[in-house]
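Okay, so here's the structure we're looking at.
Values quoted throughout were computed directly from the atomic coordinates according to the rules given, and no laboratory measurement underlies them. In this text, all values refer to a predicted model and were calculated from it rather than measured experimentally. No Cβ is skipped: glycine too gets one built from the backbone with ideal geometry, and neighbour counts run over all protein chains shown.
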Amino acid sequence: MIESIEARDIRFPTSRESHGSDAMNPDPDYSCAYATLKMRGGDPDGNGLTFTIGRGTDLCVAAIHGLGKHLIGRSLDEFEADLGLASRLLLNDSQYRWLGPEKGVVHLAAAALNNAVWDALAKRAGKPLWRYVADLSPEQLVSAIDFRHIADFLSKEEALARLTAQAPGKAARIERLLSEGYPAYTTSAGWIGYTDDQIVSLLKNAYAEGWRHFKIKVGGDLATDVRRCALFRETLGKDVKLSVDANQVWNIDQAVAAIKAIAPYDIYWVEEPTSPDDVLGHKEIARQVAPIQLATGEHAHNKVMFKQFLQAEAIGFCQIDSCRLAGVNEVIAVMLMADKAGIPVCPHAGGVGLCEYVQHLSMIDYICISGTMEGRVIEHAAHLHQHFRNPIEIRDGRYLAPLAPGYSVDLWPQSMADHEFPNGKVWAEDPVAG
């Protein structure tokens with residue numbers, strides 16, 4: 001039974017070396033609001049986080065404390081018997097809902113708590129989360145989803161039929177996943193604050209490590225964008241994939257012009273070319289720059305936004321975020337909709353714990369929903385993994401399936417103590433922090 005909930009403001013000073021920098025966010029301090037469900041009665045504690053980039057993490061912590069009251073006194077048996085219960089408790093408080101609804105700080109907080117419930121369930125079962133979900137029946141998975149605002153696109157009956165159709169092949173897909181891992185791409189060489197020399201060195205090192213799909217940041221100015229794309233091709237040639245990420249900085253006309261200017265460098269996808277809320281803007285950009293495809297979703301705050309992107313045929317890649325959406329339940333709903341639309345799910349990662357999270361989600365998509373890894377990749381960024389008890393494992397540009405029980409986001413106690421804001425050692429020594 002959940003006896004209490006802890007929430008902590010954990011921040012890492014990544015801005016000092018421009019790690020994570022992009023055109024919209026030049027100085028992020030990768031951070032998280034970290035929630036722990038403290039259990040009594042012998043069940044394992046559940047940990048969950050929501051990703052932030054510094055200031056405002058304290059707001060998420062406050063929201064975790066507020067929403068978390070709905071979970072106190074509940075047992076894992078209750079949550080396992082009704083896989084949608086935690087999500088309903090967290091999203092249906094009418095007064096907190098007014099602050100969203102289903103978006104913003106309250107939704108980020110709900111994600112941390114919902115993910116912590118799933119973490120505890122998987123730990124109790126002695127399974128990594130991807131395997132815990134893979135072992136659920138189609139009926140159990142469907143019971144986790146709220147179809148209220150998406151049934152016009154995907155009904156409960158259709159979702160059940162899709163999951164049931166994939167069920168016979170699950171065992172073979174699990175075996176393949178354990179043998180081969182899951183394909184990935186790396187963003188670590190392309191942050192916008194890096195110099196050309198840094199980029200070239202990092203690209204060469206990443207290629208030597210087995211990476212064959214890369215992403216670089218664009219959107220500073222057009223001449224620089226073109227130069228960076230040219231530099232990439234000069235360094236690695238034509239036989240590797242290049243995606244770019246503009247992080248929302250362009251308007252429609254600017255996006256079209258910029259994408260056409262870099263098109264000669266064989267761009268695999270263009271990510272977040274404009275406002276993440278502008279469904280019709282994405283549709284218009286996609287029309288004008290085809291066959292280059294657009295990717296978005298890391299700031300699509302709920303399943304209804306994804307429904308609209310998919311209905312409008314505005315994106316070529318669906319980039320779910322593990323804690324922008326309200327946890328595992330909502331992610332599964334979006335992955336099912338993307339599968340119906342024939343759009344590959346390629347999650348947003350990087351950050352603090354996002355790589356650890358989304359490896360599970362892509363593996364769930366492969367085993368239970370889409371049944372394929374074709375055209376699908378998980379983002380990778382080589383930052384901060386040392387702070388986790390069970391960090392991701394990469395081999396030859398692929399994620400190896402995690403085997404430790406849970407959702408992979410248990411932070412080391414010393415890392416939390418050192419980086420807790422504002423009194424942890426890292427921040428107490430920095431007079432301008434925050």
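Some notes on this structure:
- Each of SER137 and GLN288 was given a label point 7 Å from its Cα along the Cα-to-Cβ line. The distance between the two points is 5.2 nm.
- Applying 1/(1 + (r/R0)^6) with R0 = 25 Å to the Cβ-Cβ distance of LYS238 and GLN386 gives a FRET efficiency near 0.10.
- Dimensions of the range 166-411 based on its C-alpha atoms, expressed as ranges along the principal axes with the largest first, amount to 48, 40, 31 Å.
- In straight-distance terms, cross-link reach from LYS170 covers every one of the aspartates and glutamates whose alpha-carbon lies under 14 Å from its own, apart from those fewer than eight places away in the same chain; here that gives ASP135, ASP365.
- Cβ-Cβ FRET estimate between ALA417 and ARG97, R0 fixed at 41 Å, reported to 0.05: 0.75
- Set of aspartates and glutamates near LYS283 by C-alpha distance (under 16 Å), chain-local residues within fewer than 8 positions excluded: ASP253, GLU271, GLU272, GLU313
- LEU222 paired with LYS260, simple spin-label distance in nm, labels 7 Å along Cα-to-beta-carbon: 0.9 nm
- Cα centroid of the range 387-417 to Cα centroid of the range 218-265, whole Å: 32 Å
- Full-stretch length increase - ALA81, SER179 - with 0.36 nm per residue and alpha-carbon distance subtracted: 32.1 nm
- Projected-area mean, the range 373-434, by convex hull of Cα positions, square nanometres: 6.1 nm²
- Take every pair of alpha-carbon atoms less than 8 Å apart whose residues are at least six positions apart; their mean separation over the length of the range 166-411 yields a relative contact order of 22 percent.
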